[in-house]
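Presented below is the structure to which this report refers.
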Amino acid sequence: MSAEQEKIIRPMANFPPSIWGDQFLVISINIHIICIPYTMSAEQEKIIRPIANFPPCIWGDQFLVYDQMKQEEKNATEQVVEELKHEVRKTFANLYVEAEHANLLKLVDSIQRLGIGYYFEEEIDKALQHVYDAYGDKWNGGCISLWFRLMRQKGFFVSCDIMNNYKDNDGAFKEKFANDVEEMLNLYEATFLRVPGEVILEDALTFTRARLDNMAKDPECFNNMFSTEIQRALKQPIRKRLPRLEAIHYIPFYQQQASHNKSLLKLAKLGFELLQLLHKKELSQLSKWWKAFDVPKNYPYARNRLVECYFWAQGVYFEPEYSQSRIFLAKTLAVATILDDTYDAYGIYEELMILTEAIERWSTECLDMLPEYMKQVYQMVLDLDNDMEEFMSKNGKAHHLIYWKEAMKEYIGSYMAEAKWRKEGYTPTPEEHTSVALISCGYKFLLITSLVGMGDIITDESFKWALAFPPLVKASCTLCRFQDDIVTHKEEQERNHVASSVECYVKEFDFSEEHVIDLFIKKVESAWADMNLESLVCKDVPMPLIMRVINFARVIEVLYKYQDNFTHVKEELQYHVKSLLIDSMSK
Ligand SMILES: CC(C)=CCC/C(C)=C/CC/C(C)=C/COP(=O)(O)OP(=O)(O)O
């Protein structure tokens, strides 16, 4: 409404308008950059940065070089491996008769746990399909739990009704099983393949966990070779274990069993060593790439975690065929760590806005607008794309990187949203927080990263599927976000950090912190059940893609289950890295 219409006489002065237009919008940013040269300390700048004082890298330069096997020795080993594979294939062929079906399952289980499933993918697929075709849900060949676990692991949605065999007429679990360590272990392991609502498996978990716990405490059990197995299982069931770490433990356990297959054992050891050579080579290549960035000097505020990032990528896929993708994933993780700490533990809001804008525009032209200290990390981001493009072009799949960039932009956008909340001191509602935090956990972006370069099995459709955030991907992000917040929120809140999901829940519902943590532990468990369900029902999604999601979740179980092993690298992770990348299997 105009002043006249309102009948109000305003004391209008008709001052001349501003003569400057928007020109200082840009200049003010430049002035800001000039005012904050990287070398200036936070006090000099009068800017309080949310510095975290992360521990330095513990590995030094040891992975830059590695002991290579002489070519003749390598050729000879490869020759032996081929012969042993041939022998194992013959073993498969002998187990197709009905009376041997349980042994066929045992062979598959041993091969997978020995870490050489990738040698026999066709044979394993054929064997499990054969069993499924012969019995459907009505398996009657013994080893019920093993059958159930193997079938579900492979994507056959077999019914859990078969578990009623473990119960007596009153619906209680039969006592005769309770003292059978092997059966208890098998049933316990099978329960981790449950999908939401499978009460019989939830009950079986409670039952077996209590029994196994008692067995582990029983001194008589300590001479039993199953004692270590029980303790390992209680700490981490097979479903949640990384296959390569499982192989390291299972090989000696398998060797102790009187009935072990000598060819298989030898193959597992040689196969482990050959692959270890490739992994050492990859890490050496990555170490050279990383050293050039001089992270301790250029990004002293950030976690310098190349080796841990390689461990992460190797957890997602260890097979030789994924070498190029694994390297790309490890590089992306290492750069993502610097970015996470730039957003969370050093950058101030105005700088982060510029970085976010630059990533959105994705161009070297943006380098000039960035604060000095951000230029290199920005160039690292652009180079990830450039380097991988060269490899992808050879296979006519360079356009897959467009999806990767889209995922990266979404991920960085979520970091920016958190930076805004931090600046405003705003504690979001759990709902608001989740919508951002499931992206900022990085697992959607990293899953998409992991698909780049995986070969023909991954198509445009695979990327579109993952970008649409389907339940399988969402479940893995849920697991990642809540498990991470359970173990990191205390340390984060000691500095100026955005509220984690723990603080959001405490504030919104007035719950105690302990109660929220219990709630989150349940959320993580149900995310596993959701992932199990999705891996069984997403029939259009290729199994190698589903396995990436599962392996990403398994890495969280190793790195974040009890503490933040990624930031604070203690004995357990050091032991894993050494046994995977330094120690020889034959020692
Ligand atoms: C959240 C999580 C486990 C992410 C995994 C994927 C990812 C991006 C890995 C790179 C390293 C990293 C940022 C770890 C989490 O740090 P943090 O605990 O400081 O993560 P936050 O800043 O999101 O809390």
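Summary of computed values
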{"item": "Fraction of accessible area attributable to carbon and sulfur, the stretch 71-267 (%, probe 1.4 Å)", "result": "47 percent"}
{"item": "Separation between Cα centres of the stretch 271-299 and the stretch 551-587, rounded to whole Å", "result": "16 Å"}
{"item": "Whole-percent carbon and sulfur share, accessible surface of the stretch 268-388, 1.4 Å", "result": "50 percent"}
{"item": "Within the chain, helix-based [θ] at 222 nm, where runs of 4 or more DSSP H residues each add -39,500 (n - 2.57), nearest 500", "result": "-21000 deg cm²/dmol"}
{"item": "P(r) weight above 43 Å for the chain, C-alpha pairs, percent", "result": "27 percent"}
{"item": "Label-point separation in nm, Lys490 to Glu514, each point 7 Å along Cα→Cβ", "result": "1.3 nm"}
{"item": "Tail weight of P(r) past 15 Å, computed on alpha-carbon pairs of the stretch 47-125, percent", "result": "72 percent"}
{"item": "For the stretch 109-122, Karplus couplings with θ = phi - 60° (6.51, -1.76, 1.60), whole Hz, Gly/Pro x", "result": "4, 4, 4, 5, 6, 6, x, 10, x, 5, 6, 10, 4, 4"}
{"item": "Surrounding net charge for Ser450, when Lys and Arg each add one and Asp and Glu each subtract one, Cβ distance under 9 Å", "result": "+2"}
{"item": "Mean-position separation - Cα centroids, the stretch 100-116 and the stretch 320-342, in angstrom", "result": "33 Å"}
{"item": "Degrees between helix 306-316 axis and first principal axis of the chain (Cα, 0 to 90, nearest 10)", "result": "50 degrees"}
{"item": "In range of the label at Glu461: residues from the stretch 530-561 whose backbone nitrogen is under 19 Å from the point 7 Å along Cα→Cβ", "result": "534-549"}
{"item": "Accessible area per residue in Å² at 1.4 Å probe, computed on the chain", "result": "47 Å²"}
{"item": "Principal-axis tilt of helix 571-581 within the chain, Cα atoms, nearest 10 degrees", "result": "70 degrees"}
{"item": "Projected label distance in nm at Ile402 and Asp383, using a 7 Å step from Cα toward the beta-carbon", "result": "2.7 nm"}
{"item": "For the stretch 71-267, the Rg and Dmax computed from alpha carbons only, in angstrom", "result": "17.7, 65"}
{"item": "Hz values of 3J(HN,Hα) by residue in the stretch 464-477 - Karplus curve (6.51, -1.76, 1.60), Gly and Pro given as x", "result": "4, 4, 5, 5, 6, 6, x, x, 4, 5, 4, 4, 5, 5"}
{"item": "Residues with amide H under 5 Å from that of Lys167, placed H, sequence gap 5 or more", "result": "Lys174"}
{"item": "Straight-distance crosslink candidates among lysines, where the alpha carbon sits under 28 Å from Lys138 and sequence neighbours closer than 8 are dropped", "result": "Lys90, Lys106, Lys126, Lys154, Lys167, Lys174, Lys176, Lys240, Lys539"}
{"item": "Size of charge dipole - the chain - debye, nearest 20, with Cβ of Lys, Arg +1 and Asp, Glu -1, no other charges", "result": "920 debye"}
{"item": "Gain upon complete extension [Ala76, Glu100; 0.36 nm per residue less C-alpha separation]", "result": "5.2 nm"}
{"item": "Heavy-atom accessible surface of the stretch 441-587: percent carbon and sulfur, 1.4 Å", "result": "54 percent"}
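The values are calculated or read from the model by the stated rules, or taken from the named source; none is laboratory data. As the structure is a computational prediction, the values presented were derived from the model and not from experiment. FYI the Cβ positions are ideal-geometry reconstructions off the backbone, even for glycines, and counts take in every protein chain you see. Just so you know, the surface numbers come from the protein's heavy atoms only, side chains and all, with ligands and any DNA or RNA stripped out. Shrake-Rupley method; radii C 1.70, N 1.55, O 1.52, S 1.80 Å.
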